[in-house]
Each structure stands twice: as C-alpha cells, then as structure tokens.
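The values are calculated or read from the model by the stated rules, or taken from the named source; none is laboratory data. Owing to the predicted nature of the structure, the values given are computational and were not obtained by experimental measurement. Neighbour counts run over all protein chains shown; Cβ positions are idealised from the backbone, glycine included.
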Amino acid sequence: MDLFKPMGSTSKEPANDKKELEVSEHVKCLILGSGPAGYTAAIYAARANLSPVMYTGMQMGGQLTTTTEVDNFPGYPEGTDGTAMMEDLKKQAERFGTQVRFGMATKVDFSGKVKQVVIDENTLIEADSVILATAATAKYLGLESEEKFKGYGVSACATCDGFFYKDKVVAVVGGGDTAAEEATYLAGICKKVYLIVRRDELRASKAMQKRIFNTENIEVLWKHQTKEVLGDQAVTGLELYKNKGEAGEEIVKREIDGFFLAIGHTPNSDIFKEFVNTDDVGYVQTVPGSAKTNVPGIYACGDLQDNTYRQAVTAAGTGCMAALDAERYLGELE
C-alpha cells in the first residue's frame, strides 16, 4: 500500500492550503516515514539537537513490519522479528527526543525557504528541513491468497528472505532483470527455483538471460500466470494458469515452499514530484554521495531513492546521511 498519497485531486494548489489551514507548529527537522531510513535519520537528528518530529505514515515501521524474521541486520546475532526491530529503532529515536506521531503527509509545498507539509489533510506544519523516507511499495499480483501468506512464504525480497528457504523449492514471478537476479540468487541457496514468466520470452538483458539458462536448478515456466498461492499456515504450493486465454489453456500445480514477487516497486513520491526531481519510475534523485535533492533543505533516503539495493541496512545508512546533511544545512542558516 502507498504510505504517502496526494489528496483526492492530482492537482497541487499549495497556495489554497495556506489560506485554509493555519500553521500548527514550526519545526527544525520534519521526517516523513518510519522505516529503517526514517528512524535512523531521527536518531541522528535528535542527537544533533534538531528536535525532529516524525510522521510515521499509515504503516508504522514500514515494510519490515511484514517480515517475520530478519537475520541480516547487524547487531542481532540470533536474528529478530521485523516488527520488534522497528520498535527497537523507534525507542532509540524517542530516547534522544524524537517526537514520533502517527499520521500521513497528504500535500507539500517546498517552493519557499520554509517548507510546508499538510498532515492528514488538516494539519499544516512548517519546517526548516524535511527528510523524505516514504519508501517504495513492492508490486504484488493482488491475490487474496498472496496477501494471506505475506511473511509466511510470500516475499518481495529474495536477498532479505532467501536464506530461510535453504535447500527448499521456491518460485519467482517476473521476466525482467530483477526477476532474473532474484532467481539466480535463490538458485545458489535453494534446491530448485521455478521462474514464472507470463510471456514466451524474458524481458531481462541478454547477460541475465544467459545466467538463467545456464543455471541447472532454475526451471522457466513459460506462459504461466499465478492463479492462487496454496497453503495452510504457510505456503505449500501454487496453482497456475498455463497458456491463459489461449487454446489449450490449463491449470497446473507446483509444490513450493516460498513464493517471491519480482515485478517491480512503486516509489511513494507522488506528492513530492512537483518540487523534487525523480527518475522515470518515480525514485527521488539525490546528489551522488549525499541525500540532497535538487531543493535546498529537502533530503531523501531509503527505498524512496534507492532502486538498486533496497535493504534495511542500506536504508539506515542513507537515513544517517540525510540527518547529517540536514544538520549542516541548518547550521549554515544560523
């Protein structure tokens, strides 16, 4: 689900917001988003006496709260639960003075020196700096069964969750470079990988296709589409359409232990696009080696600007960068 959406209309008229809403408060550093990037930014900003105020979005803690086990974040030798880890980060941010509030940014105006953000369509906040940590939402197929097994066999991140399927059978949905990368990564861990491709060809680059075809334990299921994810407490299989809509259409089943989506992500950047530069997909573009956007005082971190790694630890690193960049910017204003 998108955590930060524009209000009903897609047109942006910040001037009207200024007339209709009174400024409720002025803050030094406003943080939008509460995943590893947002919480890390809050920890660093609070320790720098920036008195950060965070609005968490509708999914407090971000996508990691849908992950049952996290084994690859430093500092947890026995692993941890995704929700528990986000609660640890939240407590650490609050320990240093971050005000963590539940709410969603619904409109922004970054045109002036003082930035304006509307929360939940009715609260107007002014800020000297804003850190955008609204993440990117993984695309799913929209199946009820897929939703049921999220965190219990259904995942959108092979690097995050692949280890839990060591020597097991998994399936990956997609035909592009991301799907090919996920499938080959999982093939090094799992006993067998089914790559479910809707068409009769891959969209992936020739180099990635070569890797797929040269990996013995990857089986490509051409012209297959997922009908349902099967299981009881966890995923145990798939029901698939073969040659859907064509003569010879049939329904087939495969026994699997894990189901991975690799059909892309949607950056939660819509309400910022009028002001900050984004790429064709919607990822916010930052100055290389920093979290700075094209707008002074506006910083982006985490999966909102990272279309390559999308890991909790890399998100946390860019959250740190965003807070340090904001601290330097605010210091220059004094």
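When region 287-334 is filtered for residues that are more than 25 Å from GLY112 (Cα to Cα) and among the acidic types (Asp, Glu), the ones remaining, listed by number, are ASP303, ASP306. Looking at the structure I just gave you, is SER51 modelled with pLDDT of 95 or more, surrounded by fewer than 19 Cβ atoms within 10 Å (Cβ to Cβ), assigned to a loop (DSSP other than H, G, I, E, B) and in contact with a strand residue (DSSP E or B) (Cβ under 9 Å, 6 or more places away or on another chain)? It is true that SER51 is modelled with pLDDT of 95 or more, surrounded by fewer than 19 Cβ atoms within 10 Å (Cβ to Cβ), assigned to a loop (DSSP other than H, G, I, E, B) and in contact with a strand residue (DSSP E or B) (Cβ under 9 Å, 6 or more places away or on another chain). Taking the criterion of being in contact with a strand residue (DSSP E or B) (Cβ under 8 Å, 6 or more places away or on another chain) and polar (S, T, N, Q), the residues of region 95-153 that qualify are THR98, GLN99, THR106, GLN116, THR123, SER129, THR134, THR137, SER145.
Somewhere in region 192-215, is a residue in contact (Cβ under 8 Å) with a residue 12 or more places away in the chain, polar (S, T, N, Q) and within 22 Å of GLU146 (Cβ to Cβ)? No. In summary, ILE131 fulfils each of the numbered conditions (1) farther than 19 Å from GLY162 by Cα; (2) out of contact with any Gly (no Cβ under 6 Å at 6 or more places or on another chain); (3) part of a loop (DSSP other than H, G, I, E, B) with the single exception of condition (3).
What are the pairs with Cβ atoms under 8 angstrom where one residue, in region 291-303, is of a type in the set (Phe, Trp, Tyr) and the other, located anywhere, is part of a loop (DSSP other than H, G, I, E, B)? Sequence gap at least six, or different chains. Matching pairs, first to second residue: TYR299/THR286; TYR299/ALA291; TYR299/THR293. Tell me, yes or no, whether region 137-149 has at least one residue that is assigned by TED's automatic domain parsing to the domain that holds LYS273 and more than 20 Å from the chain's Cα centre (by Cα). Checked against the condition, which is being assigned by TED's automatic domain parsing to the domain that holds LYS273 and more than 20 Å from the chain's Cα centre (by Cα), region 137-149 yields no hits at all. Residue count for region 292-328 satisfying the condition of being of a type outside the set (D, E, K, R), in contact with a strand residue (DSSP E or B) (Cβ under 6 Å, 6 or more places away or on another chain) and more than 25 Å from THR266 (Cβ to Cβ): 2. For region 81-102, enumerate the residues that are of a type in the set (Val, Ile, Thr) and free of Cβ contacts under 8 Å to residues at least 24 places away in the same chain. THR83, the sole residue that qualifies. Considering (1) closer than 30 Å to ALA323 by Cα; (2) touching a strand residue (DSSP E or B) at 6+ places or on another chain (Cβ under 9 Å), the lone condition that PHE164 does not fulfil carries the number (1). For region 85-106, the set of residues classified as assigned to a strand (DSSP E or B) and either buried (at least 20 other Cβ atoms within 10 Å of the Cβ) or touching a Gly at 6+ places or on another chain (Cβ under 8 Å) (or both) consists of ALA105 only.
Among the residues of region 281-311 satisfying the criterion of being of a type in the set (D, E, K, R) and in a loop (DSSP other than H, G, I, E, B), which is surrounded by the most Cβ atoms within 10 Å (Cβ to Cβ)? Checking each candidate, the answer is ASP306. Can you find a residue that is touching a residue at least 12 places away in the same chain (Cβ under 8 Å), touching a strand residue (DSSP E or B) at 6+ places or on another chain (Cβ under 7 Å) and charged (D, E, K, R) anywhere in region 63-79? No, every residue in region 63-79 fails to be touching a residue at least 12 places away in the same chain (Cβ under 8 Å), touching a strand residue (DSSP E or B) at 6+ places or on another chain (Cβ under 7 Å) and charged (D, E, K, R). Scanning region 108-146 for residues that are charged (D, E, K, R) and within 25 Å of GLU20 (Cα to Cα) gives ASP109, LYS113, LYS115, ASP120, GLU121, GLU126, ASP128. The number of residues in region 256-280 that are among the hydrophobic types (A, V, I, L, M, F, W, C), more than 30 Å from LYS168 (Cα to Cα) and outside any loop (DSSP other than H, G, I, E, B) comes to 2.
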